[in-house]
Amino acid sequence: MKILGVIPARYKSTRFPGKPLADICGKTMIQRVYERAKMSESLHDVIVATDDGRIFDCVKSFGGLPVMTGENLPNGTARCEEALRIFGGNFDSVINIQGDEPLLDPVMIDEVAEMLADDDCATLCREIHDDVSNPNTVKVVMSQTGYALYFSRSLIPYNRTGINIPVYQHIGIYGYKSEFLRKYVGMNDTPLSMAESLEQLKILENGYRIRIKATSSRNDIVGVDTPEDLEKVRMIIENA
């Protein structure tokens, strides 16, 4: 199976403008994400899908492959789909890699790629033990056969009986068969996806399945949404 890794990277972030170019111990964040993604054993190519010339030039400067996409795309998924069409190459599948996770473990990419052998869409999760009520931490519940049942910013499941049951955090790396990705970006917003502000719920509300499993990676997962997050990542890298 021929798989393309796509890293969407916008300059105009509401909370942290220009964060793909933020310096992290001598390298930009987008370079660190790109280099981690290239360590995956499953990807045939890795590209950065951007709408900004500064990011485009930065990626070229360190030897990466940038693709210029439109400015008005609604989300990273749409940017991945457009980048796939522009880049070409007849890829069977695409893995959407978050551009603001410079501590990305390439093992996670390989885990998603493995699930795409049998499913149209796949993602990952991890058991969490604290901060379970934080709405910025997206939770997921899954079936016993390994498919997502629901994603929520609320705590799920609500453990009324107090039985021993884990709470899982969704990890925002997605894999799609190329044909399904094209179908997905054509779906309209759905009531639950708008209410939770979680675009993946469109897939479930339209009757499709998302394969999911708990990652084996023990790496820190720190998405950089704010300058404070950036400082956390710098400290982790400096102390590694």
Of residues in the range 68-93 being hydrophobic (A, V, I, L, M, F, W, C) and in contact with a Lys or Arg (Cβ under 8 Å, 6 or more places away or on another chain), the one farthest from residue 186 (Cα to Cα): 91
Collect the residues in the range 51-78 that are assigned to a loop (DSSP other than H, G, I, E, B) and either surrounded by 13 or more Cβ atoms within 10 Å (Cβ to Cβ) or on the phi < 0 side of the Ramachandran plot (or both), keeping them in residue-number order. 51, 52, 62, 64, 65, 69, 70, 71, 72, 73, 74, 75
Criterion (at pLDDT below 95, out of contact with any Pro (no Cβ under 6 Å at 6 or more places or on another chain) and not acidic (Asp, Glu)) met by exactly one of 74, 66, 106: 74
Taking residue 206 as meeting all but one of (1) out of contact with any strand residue (DSSP E or B) (no Cβ under 9 Å at 6 or more places or on another chain); (2) surrounded by 15 or more Cβ atoms within 10 Å (Cβ to Cβ), write down the number of the exception. (2)
Hits in the range 122-132 (condition: over 17 Å from residue 214 (Cβ atoms) and either within 12 Å of the chain's Cα centre (by Cα) or assigned to a strand (DSSP E or B) (or both)): none
Across the range 11-50, what is the number of residues that are among the charged types (D, E, K, R), closer than 18 Å to residue 80 by Cβ and surrounded by 22 or more Cβ atoms within 10 Å (Cβ to Cβ)? 0
Going by what's in this entry, would residue 65 be described as over 19 Å from residue 183 (Cα atoms), without any contact (Cβ under 8 Å) to a residue 60 or more places away in the chain and hydrophobic (A, V, I, L, M, F, W, C)? yes
The lone condition residue 36 fails out of (1) modelled with pLDDT of 95 or more; (2) in contact with a strand residue (DSSP E or B) (Cβ under 9 Å, 6 or more places away or on another chain) is (2)
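Quick grid of which residues meet (1) of a type in the set (Ser, Thr, Tyr); (2) part of a loop (DSSP other than H, G, I, E, B):
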site	(1), (2)
110	no, no
119	no, yes
134	no, yes
155	no, yes
158	yes, yes
176	yes, no
183	no, no
188	no, yes
Can you name the condition, by its number, that residue 47 falls short on among (1) under 28 Å from residue 239 (Cβ atoms); (2) free of Cβ contacts under 8 Å to residues at least 60 places away in the same chain; (3) in contact with a Pro (Cβ under 8 Å, 6 or more places away or on another chain)? (1)
I'd like to verify a number: residues in the range 190-201 that are part of a helix (DSSP H, G or I), free of Cβ contacts under 8 Å to residues at least 24 places away in the same chain and either within 16 Å of the chain's Cα centre (by Cα) or surrounded by fewer than 17 Cβ atoms within 10 Å (Cβ to Cβ) (or both), how many? 4
Among the residues listed as 81, 114, the single one being surrounded by fewer than 18 Cβ atoms within 10 Å (Cβ to Cβ), out of contact with any Ser or Thr (no Cβ under 7 Å at 6 or more places or on another chain) and outside any loop (DSSP other than H, G, I, E, B): 114
Would the range 85-102 turn up any residue that is among the hydrophobic types (A, V, I, L, M, F, W, C) and either assigned to a loop (DSSP other than H, G, I, E, B) or without any contact (Cβ under 8 Å) to a residue 12 or more places away in the chain (or both)? yes
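The values are calculated or read from the model by the stated rules, or taken from the named source; none is laboratory data. Here the structure is a predicted model, which means the values were calculated and not measured. No Cβ is skipped: glycine too gets one built from the backbone with ideal geometry, and neighbour counts run over all protein chains shown.
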